[in-house]
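Asks: Please read through the structure below; I'll follow up with questions.
The values are calculated or read from the model by the stated rules, or taken from the named source; none is laboratory data. Because the structure is a prediction, the values reported are computed rather than measured. Positions of Cβ are backbone-derived with ideal geometry, glycine not excepted, and every protein chain shown enters the neighbour counts.
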Amino acid sequence: MKKILFASTALVATAGVAAAEVTISGYAEMGIYNPGERFDQGNDEAQFFTDIDLTFTMSGEADNGLVFGANIDLDEADNPFSDPWDQGGEALFVSYGGATLTMGDTDSAYDKVVPEMNLGGAGSMADDETIHAGFNDGAEFDGGVNGSDGQIARFDYAYDAFTFSVSAEQIADGSKPSDFVTDYDADTGTVTYGREDSGETLWSAGVGYSAEFSGVDMSAGLGYLKLDEWAEVWGVGVTAGFAGGFEVGATYSDIEGEDGFDVDSGEHWGVGFGYSMNALSIGVNYGKYDFDDAGEREGWGIAANYDLGGGLVAQFGYGSSTFENTQTNEDTGATFDDDDTWSLGLAMSF
């Protein structure tokens, strides 16, 4: 979990209109890491790591109490955020009472309500604890399914300890995915279209619950998502936080692949453990996928942080992956049936 410190300036509108506010937050990382063989870094060697992130957050309130806002993460603005038909790292919302509508670079209903197992508040520069082969972040369909740009619309309603969510993600900006041009090679004149036809909209729904029982902070979520001719997924997760800084959790999901989906039907389960006390935070998680015809894949990860104060945090991360079937990195040609990644360095919040 990345701690953000805000530097802000307030912009006051005309009389009778509530004040609007714009804040800027910065985050930077430096150190060394080993990317492993799964990802396209070109080699499996320890190397330098530097990264910087800048986020603008805007908020305001109308005369009738309607709250509105937007944010843009420049680190994730791969597409021009000036194009209304592309998701370019921006998210916008309007909220009134317990109801909120969010659009843009945001989570699906499933991803929002089902807890993930990276517990304890610790993170790493290269996200080693969450990129291993056994981790399920609930976001496999957020940000790009069959050619979509990841632009999501989600409605949330909070009532007492419950949060109800529904979301929709257009696959090809309203057109049929099989007719959507995804790439063009000017040298050969080759046009690439979307993959095998699928539904036009990825639908998702979920319900989350958070409460305290006898000093134990409980959170649970049940989520479902569906894309016709592609896949159907449902999952459940629960976490419990105890006195003394301890946190535990477990999650399970069922995946039903349809025509054109990358994998066949299968399931996933995972567990997590976290501990946070004073300046120290540690998180450990383990997960496993089991697909009917694609075999098993599993992994575990650990992250450890020490807060040095003033927004400076020392971070270490490690992730280990094991595959039942031999894997091939399409970009480098490397083959492997196990892999690991690690990173070590400093994170800076401004």
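Asks: Would region 209-218 turn up any residue that is modelled with pLDDT of 95 or more, within 30 Å of residue 249 (Cβ to Cβ), surrounded by 15 or more Cβ atoms within 10 Å (Cβ to Cβ) and under 18 Å from the mean Cα position of the chain (by Cα)?
Replies: No; the residues of region 209-218 include none that is modelled with pLDDT of 95 or more, within 30 Å of residue 249 (Cβ to Cβ), surrounded by 15 or more Cβ atoms within 10 Å (Cβ to Cβ) and under 18 Å from the mean Cα position of the chain (by Cα).
Asks: Kindly establish whether residue 181 is surrounded by fewer than 18 Cβ atoms within 10 Å (Cβ to Cβ) and modelled with pLDDT under 70. So that I can check it myself, show each step before the final result.
Replies: On the way: surrounded by fewer than 18 Cβ atoms within 10 Å (Cβ to Cβ): yes; modelled with pLDDT under 70: yes.
Criteria met by residue 181.
Asks: Do we have residue 252 as closer than 24 Å to residue 237 by Cα and touching a residue at least 60 places away in the same chain (Cβ under 8 Å) here? Full working, then the answer.
Replies: Working: closer than 24 Å to residue 237 by Cα: yes; touching a residue at least 60 places away in the same chain (Cβ under 8 Å): no.
It is false that residue 252 is closer than 24 Å to residue 237 by Cα and touching a residue at least 60 places away in the same chain (Cβ under 8 Å).
Table: residues versus (1) at pLDDT 95 or above; (2) among the acidic types (Asp, Glu); (3) at positive phi.
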| site | (1), (2), (3) |
| --- | --- |
| 139 | no, no, no |
| 144 | no, no, yes |
| 149 | no, yes, no |
| 154 | yes, no, no |
| 158 | yes, no, no |
| 163 | yes, no, no |
| 166 | yes, no, no |
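Asks: All but one of (1) closer than 23 Å to residue 49 by Cα; (2) free of Cβ contacts under 8 Å to residues at least 12 places away in the same chain; (3) not polar (S, T, N, Q) hold for residue 333; which doesn't?
Replies: (1)
Asks: Could you tell me whether residue 281 is farther than 30 Å from residue 234 by Cα, of a type in the set (Ser, Thr, Tyr) and crowded, with 19+ Cβ neighbours inside 10 Å? Quick ask: steps written out before the conclusion?
Replies: Numbers: farther than 30 Å from residue 234 by Cα: yes; of a type in the set (Ser, Thr, Tyr): yes; crowded, with 19+ Cβ neighbours inside 10 Å: yes.
Here the answer is yes, as residue 281 does meet what is asked.
For (1) farther than 21 Å from residue 156 by Cα; (2) in contact with a Leu (Cβ under 6 Å, 6 or more places away or on another chain), each residue gets a yes or a no:
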| site | (1), (2) |
| --- | --- |
| 215 | yes, no |
| 218 | no, no |
| 229 | yes, no |
| 234 | no, no |
| 237 | no, no |
| 242 | yes, no |
| 245 | yes, no |
| 249 | yes, yes |
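Asks: What's the total number of residues in region 323-350 that are over 25 Å from the mean Cα position of the chain (by Cα) and hydrophobic (A, V, I, L, M, F, W, C)? Spell out how you get there, then give the answer.
Replies: Just the residues of region 323-350 that are over 25 Å from the mean Cα position of the chain (by Cα), to begin with: 324-326, 332-337.
From the residues that got through so far, the ones that are hydrophobic (A, V, I, L, M, F, W, C) too are 334, 336.
The total comes to 2.
Asks: Looking at the structure I just gave you, is residue 123 under 19 Å from residue 25 (Cβ atoms), modelled with pLDDT of 95 or more and assigned to a loop (DSSP other than H, G, I, E, B)?
Replies: On the way: under 19 Å from residue 25 (Cβ atoms): yes; modelled with pLDDT of 95 or more: yes; assigned to a loop (DSSP other than H, G, I, E, B): yes.
So residue 123 fits the description; yes.
Asks: Kindly provide the set of residues from region 107-144 that are without any contact (Cβ under 8 Å) to a residue 60 or more places away in the chain and in contact with a helix residue (DSSP H, G or I) (Cβ under 8 Å, 6 or more places away or on another chain), ordered by number.
Replies: Of everything in region 107-144, those that are without any contact (Cβ under 8 Å) to a residue 60 or more places away in the chain and in contact with a helix residue (DSSP H, G or I) (Cβ under 8 Å, 6 or more places away or on another chain) turn out to be 137, 139, 142.
Asks: Please state which one of 68, 56, 39, 48 is in contact (Cβ under 8 Å) with a residue 12 or more places away in the chain and not in a strand (DSSP E or B). Give the derivation first.
Replies: Numbers: 68 fails: not in a strand (DSSP E or B); 56 fails: not in a strand (DSSP E or B); 48 fails: not in a strand (DSSP E or B).
After applying the criteria, what remains is 39.
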